[in-house]
Amino acid sequence: MRALMLSLTLAVLAAGLLIPAAPVLAQAKSKDGTPEAQQKVETTRDGFPIHFTYWPSTMGKEAPVVVLLHGKSQNRVVWNATALLRELFKQQFAVIAVDLRKHGESIPADAGSKMKTTTLTKFDYEAMIAFDLEAVKKFIYDEHQAQRLNMRKMGLVASEFSTVVALNWAAADWAKKPFDDAPTLAASTPRGQDVQAIVLLSPMETLTGVGTTKTMPFLRQTTIASLMIFGAKRASDKRSADKLHQLIGGEQQDKDNLRHYKGEFPIANGGIDLLVRVEQATPLTVNFLKRHVADVQADWRDRRSRLE
């Protein structure tokens, strides 16, 4: 059954490897032809400055958005070495690469020399979920309200430790109740359910104090899509991917309505390095995001509560 599901997975995704180029409109671009990067910072509710790079799309309020999360001891610059950025630009995604707290530039100016990425605790991981990504979503909300993207079309790409952060934040986003500003739930203004798909590079099951045992069954009840990419020669990655895929219902899903996939490759590399060393990994990722984020039927709507 597992081998069958894997073959179905790759067949479905491979069917879209040749993605038609999206129309390119006028936009400020850097020397290599990519959109001009904008350096941003948002302060979390607990006072951390979260730095990120933003590449806007020219599609305005129709633009899907992808948030990129690095691995441990890395920062947002690692994405620059991948072809993923260029391919997302070609498909007119708005892209945000984040430095999570205690990584890259996301360190308070008065923190002192003792604050290292190696000192991460369960409180840091919990704060990444509760504060860091909420600060990023506030920026996305502001861009949405300015009609520069559609926050209802949001995808996440996470690597190694940040896969646990991404999964838990996606679950928290889906658990948000709409504003009580309409007679029916369906007519109410949503506050969440914006994350439509997650790409997990070398997924992990747990971090100190933060797990996924309850998260995955919850996400299974939503319409969120997932793609797990990993090297089969890294036993821990394969074990985690197989378990998470099972918990989210990947092996029990209807083959005619697939939304949970695995990309397993016979190498020992992991994390963002998979995008560099595995030729198929980038087109698989882009096609997945196009299918389950960009092509989602979700018209732009004002996200302010009618009660404001």
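Laboratory data are not the source of any read-out in this text; all were calculated from the coordinates shown. Keep in mind that this is a model prediction, so the values were computed, not measured. Using ideal geometry, Cβ is built from the backbone for each residue, glycine included, and neighbour counts are taken over all protein chains shown.
Here are the numbers:
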quantity: Listed residues PHE218, ILE50, PRO203: farthest to the positive end of the dipole of the chain (Cβ charges); calculated: PRO203
quantity: Most positive-pole-ward Cα, ALA166, ILE248, VAL41, against dipole of the chain from beta carbon charges; calculated: ILE248
quantity: Alpha carbon centroid spacing (whole Å) that separates region 257-308 from region 121-180; calculated: 15
quantity: Inverse mean reciprocal Cα-Cα distance (Kirkwood Rh) of region 149-264, Å; calculated: 14.8
quantity: Gaussian network model of the chain, Cα within-10 Å springs - most flexible of GLU264, GLU134, GLU36; calculated: GLU36
quantity: Extension gain from ARG220 to SER73, taking 0.36 nm per residue of separation minus the Cα-Cα distance; calculated: 49.9 nm
quantity: Calculated over the chain: convex hull of Cα atoms, volume per residue (Å³); calculated: 140
quantity: Partner aspartates and glutamates for LYS102 [C-alpha distance under 14 Å; skip if fewer than 8 residues away on the same chain]; calculated: ASP46, ASP110, ASP124, GLU126, ASP132
quantity: Simple Cβ-charge dipole of the chain, Lys/Arg +1 and Asp/Glu -1, about Cα centre, in debye nearest 20; calculated: 280
quantity: Where Rh is the Kirkwood radius over Cα pairs, Rg/Rh for region 139-178; calculated: 1.04
quantity: Unsatisfied cross-links (Cα-Cα over 18 Å) in the set LYS153/LYS290; LYS72/LYS176; LYS90/LYS290; LYS214/LYS243; calculated: LYS72/LYS176
quantity: For region 206-308, the fraction of alpha-carbon pairs in successive 5 Å shells from zero, as %; calculated: 2, 11, 18, 19, 19, 15, 8, 5, 3, 1, 0
quantity: Largest-first principal axis extents of the Cα set of region 84-176 (Å); calculated: 41, 31, 26
quantity: Selected from LEU100, LEU258, LEU167 as most flexible by GNM, with the chain as the system and alpha-carbon contacts under 10 Å; calculated: LEU258
quantity: Stokes-Einstein D (µm²/s) once Rh is taken as the Kirkwood radius of region 157-220 over alpha-carbon pairs, at 20 °C in 1.002 mPa s; calculated: 167
quantity: Estimated distance in nm for a label pair at LYS177 and ARG303, the labels positioned 7 Å out from Cα along Cα-to-Cβ; calculated: 2.0
quantity: Sparse-neighbour loop sites [trypsin sites (Lys or Arg not before Pro); region 196-253; at most 16 other C-beta within 10 Å; DSSP]; calculated: LYS214, LYS233
